[in-house]
Amino acid sequence: MMGLTDAWYRRAGWLHLLRPLAALFGWLASRRRHRLQRKQASLPLPVIVVGNITVGGTGKTPVVLAVTESLRAAGYRPGIVSRGYRARPGSLPHRVSLHDAPDVAGDEPLLLARRASVPVMVDPDRCRAVRELAARSDCDVIISDDGLQHYAMPRCMEIIMVDGERGLGNALLLPAGPLRESADRLMQVDAVLVNGEPKEAVRGQLRGSDWKAVKMVCTAWVNLKNGRRVAPRALEADGVLHAVAGIGHPERFFAVLRSLGYRFESRPFADHHAFRKGDLAFATDGTVVMTEKDAVKCAGFAQSNWWYMEVSVELPESLLATILGRLPDRDVHEEESLR
């Protein structure tokens with residue numbers, strides 16, 4: 001799969017041979033969308049979707065966290081729903097516990113629960129997850145981590161994330177390209193956020209959409225063993241610095257390291273890689289740095305010189321205003337919940 005992903009973003013010429021399959025995928029996806037939208041049932045809480053139209057990482061998790069924190073600051077009580085990729089809970093829906101193992105809750109839901117300190121519910125059926133949170137918590141608004149294509153779920157707002165470096169790749173639908181939906185979808189959502197300043201070719205792909213660039217910022221290095229924090233540029237490596245990344249686009253993590261002035265050996269893994277102790281056997285001769293998503297899976301066998309990068313993002317004021325404008329007034333919502 002990684003080889004095919006590289007071909008999408010390198011715009012390999014042979015991918016045009018897959019155009020007939022891409023056309024079939026697009027037709028099936030369109031039929032599915034219209035069928036599910038007709039069957040949408042009402043949900044007890046408003047839902048904000050943070051998703052993408054490309055396969056692979058675009059930086060959704062920091063945005064989900066930022067939206068969650070902004071809603072809390074505005075007086076709302078947000079919760080989060082997630083598919084829980086590769087999660088294996090005993091039953092569904094599953095409310096994430098801070099003590100869950102990563103293979104039970106899923107790496108991203110566990111990260112979200114720990115960082116956001118709000119209820120997080122895992123279920124491939126996101127409508128069921130929303131109803132469960134409404135019944136078992138005091139949440140008054142839900143953020144869906146991904147789920148843009150989960151059209152059975154009504155939503156009051158859609159936010160699409162785009163990678164500023166890779167953009168939409170060759171802009172073809174699966175399997176000829178990385179698109180889950182046509183690029184026209186960018187003009188149909190409420191907000192398009194670009195992770196990093198987009199390259200010129202990416203700007204061309206975004207033409208017609210009201211996009212805004214956001215920047216993911218390293219706020220601290222956090223030690224996996226003891227939780228100690230140091231400033232972004234203050235990490236002192238003991239021997240070789242090994243940079244580990246099992247995310248959708250590992251180069252993004254490595255680029256941030258370079259921008260902070262670090263020299264390192266890069267160790268990319270597949271997205272959502274289920275890390276085991278043997279995967280990091282090389283780490284005995286130096287310091288290991290990794291993403292927070294990877295740290296969730298490595299904490300159980302971490303050494304004292306392993307650190308993860310804590311990342312945050314500042315959302316545009318205009319986006320925050322749009323989000324609040326789509327939600328019921330807090331006072332009205334309080335009255336309705338008491339009836």
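Amide H contacts for VAL81 (H built 1.01 Å from N in the peptide plane; partners 5 or more residues away or on another chain; cut-off under 5 Å): MET121, ILE143, SER144, ASP145.
Site pair GLU197 and ALA41 shows an inter-label distance of 4.9 nm when each label is modelled 7 Å from Cα along Cα→Cβ. Put simply, the amide H of ALA176, placed in the peptide plane, has neighbours under 5 Å in ALA22, leaving out anything fewer than 5 places away on its chain. Placing a pseudo-label 7 Å from each Cα along the Cα-to-Cβ vector at ASP210 and TYR262 gives an inter-label distance of 3.8 nm.
Which trypsin sites (Lys or Arg not before Pro) in the range 117-226 sit in a loop by DSSP (not H, G, I, E or B) and have at most 11 other Cβ atoms within 10 Å of their own Cβ? Here the trypsin sites (Lys or Arg not before Pro) that fit, given the DSSP loop and packing criteria, are ARG207. Counting only DSSP beta bridges whose two residues both lie in the range 1-156, roughly 15 percent are antiparallel.
Across the chain, the longest piece that holds none of the GluC sites (Glu not before Pro) lying in DSSP loops with up to 14 other C-beta atoms within 10 Å covers 1-235. For the residues VAL122, VAL104, VAL240, a GNM of the chain with alpha-carbon springs under 10 Å puts the largest fluctuation on VAL240. Here the chain has 51 percent of its accessible surface on carbon and sulfur atoms, given a 1.4 Å probe and all protein chains in place. Qualifying trypsin sites (Lys or Arg not before Pro) in the range 1-49, where qualification requires a DSSP coil assignment and no more than 12 other C-beta atoms within 10 Å, comprise LYS39. Using θ = phi - 60° in the Karplus curve 6.51 cos²θ - 1.76 cosθ + 1.60, the 3J(HN,Hα) couplings for the range 299-315 round to 4, x, 10, 5, 9, 5, 10, 10, 9, 10, 8, 8, 10, 9, 9, 9, 7 Hz; x is entered for Gly and Pro.
The values are calculated or read from the model by the stated rules, or taken from the named source; none is laboratory data. Bear in mind that the values here come from a model prediction, so they are computed numbers and not experimental data. Note that we place each Cβ from the backbone using ideal geometry, even for glycine, and neighbour counts take in every protein chain shown. These area figures cover heavy atoms from the full protein model, side chains too; ligands, DNA and RNA do not enter into them. Shrake-Rupley method; radii C 1.70, N 1.55, O 1.52, S 1.80 Å.
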